[in-house]
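A.B. asks: Provided herewith is a single structure, encoded as structure tokens, for subsequent inquiry.
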Amino acid sequence: GAAAAVGAAVQAFAVHGARVLIDNADVYGERAEGGAETLLGRVLRTDGALVGRVLVATKAGIRPGRYDGSARHLTTACEASLRRLGVDSIDLFQLHRVDLFTPVAETAATLSALRDAGKIREVGVSNATPAQLDDLERHLPFPIAAVQAEYSLLDHRPLFDGTLDWCA
């Protein structure tokens, strides 16, 4: 089943006690919102030994038809992700997309509050420009821990737009 598959993948990729990052998002899954998180939560509950070997990462900030970095949405999404994943704290909570209609100070304050409450350990950002990363980090009392850039054979922008330089 799923637990055996995840266990085998962790065994194959974990090197000398390193943790394996399993990327997730509240919008991933075919059948329902949070379907992929629900499945991972079941796997983690089935095999408790995986919890210490897996770095649980998830994203929030996309709602049907729009991006949403508001305090209300990020807080609600984080709490729902915690329930689905069955964990007390998310290792890496990432803003899935930057919401241009929510003040960056509000998004940053919410991420800080979630971290201060122990609901998340680190903050990351997915699909952001270097200017957006700079702006968000100026409003955070801690550094952004991870940047997930879109990069593929068809999309080389991170090589030339400063994204990879920002991460260095």
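A.B. asks: If contacts are Cα pairs under 8 angstrom and at least 6 residues apart, what is the relative contact order of segment 1-159 in percent?
C.D. replies: 18
A.B. asks: Distance from the Cα centre of segment 77-92 to that of segment 97-147, in angstrom?
C.D. replies: 17
A.B. asks: Taking 41 Å as R0, compute the FRET efficiency from the Cβ-Cβ separation of Arg157 and Ala18 and round it to 0.05. Please list the in-between numbers first.
C.D. replies: Working: r = 29 Å, r/R0 = 0.71.
Efficiency at R0 = 41 Å is approximately 0.90.
A.B. asks: To continue, here is another question. With N set to the number of residues, divide the alpha-carbon radius of gyration of segment 82-168 by 2.2 N^0.38 Å and report two decimals. Kindly include the intermediate steps, with their values, before the conclusion.
C.D. replies: On the way: Rg = 13.7 Å, N = 87, 2.2 N^0.38 = 12.0 Å.
Normalised Cα radius of gyration, segment 82-168: 1.14.
A.B. asks: Could you tell me what fraction of 2.2 N^0.38 Å the Cα radius of gyration of the chain comes to, as a two-decimal ratio?
C.D. replies: Cα-based Rg divided by the globular estimate yields 1.04.
A.B. asks: Any idea what the alpha-carbon Rg over 2.2 N^0.38 Å comes to for segment 1-88?
C.D. replies: With N residues counted in segment 1-88, Rg over 2.2 N^0.38 Å equals 1.14.
A.B. asks: Over the chain, average the accessible area per residue using a 1.4 Å probe and give it in Å², no decimals. Show your work: numbers first, answer last.
C.D. replies: Numbers: 9200 Å² over 168 residues.
For the chain, the solvent-accessible area averages 55 Å² per residue.
A.B. asks: Run through all the Cα pairs of segment 39-90 and give the fraction in each 10 Å bin from 0, expressed as whole percent.
C.D. replies: Whole-percent P(r) values from 0 Å outward: 24, 46, 24, 7.
A.B. asks: Going by amide H atoms built from the backbone, whose H comes under 5 Å of the H on Val147, apart from near neighbours?
C.D. replies: Val125
A.B. asks: Where the accessible area of the chain is counted over protein heavy atoms with a 1.4 Å probe, how much of it, in %, is carbon and sulfur?
C.D. replies: The nonpolar share, carbon plus sulfur, comes to 56 percent.
A.B. asks: On to the next question. Compute the helix-to-body angle for 71-85: its Cα long axis versus the longest principal axis of the chain, expressed 0 to 90° and rounded to tens.
C.D. replies: Between the helix axis and the principal axis of the chain, the angle is about 10 degrees.
A.B. asks: Let me ask something else. Can you list residues whose amide H is under 5 Å from Asp99's amide H, if they're 5+ apart or on another chain and H is modeled 1.01 Å from N?
C.D. replies: Gly69
A.B. asks: When the convex hull of the C-alpha atoms of segment 41-137 is computed, what volume per residue in Å³ does it have?
C.D. replies: 98
The values are calculated or read from the model by the stated rules, or taken from the named source; none is laboratory data. Computed from a predicted model, the values in this text were never measured in an experiment. Here Cβ is always computed from backbone atoms with ideal geometry, including for glycine, and neighbour counts include all displayed protein chains. Each accessible area value is taken on the protein alone, full model and side chains, heavy atoms only, with ligands, DNA and RNA left out. Shrake-Rupley method; radii C 1.70, N 1.55, O 1.52, S 1.80 Å.
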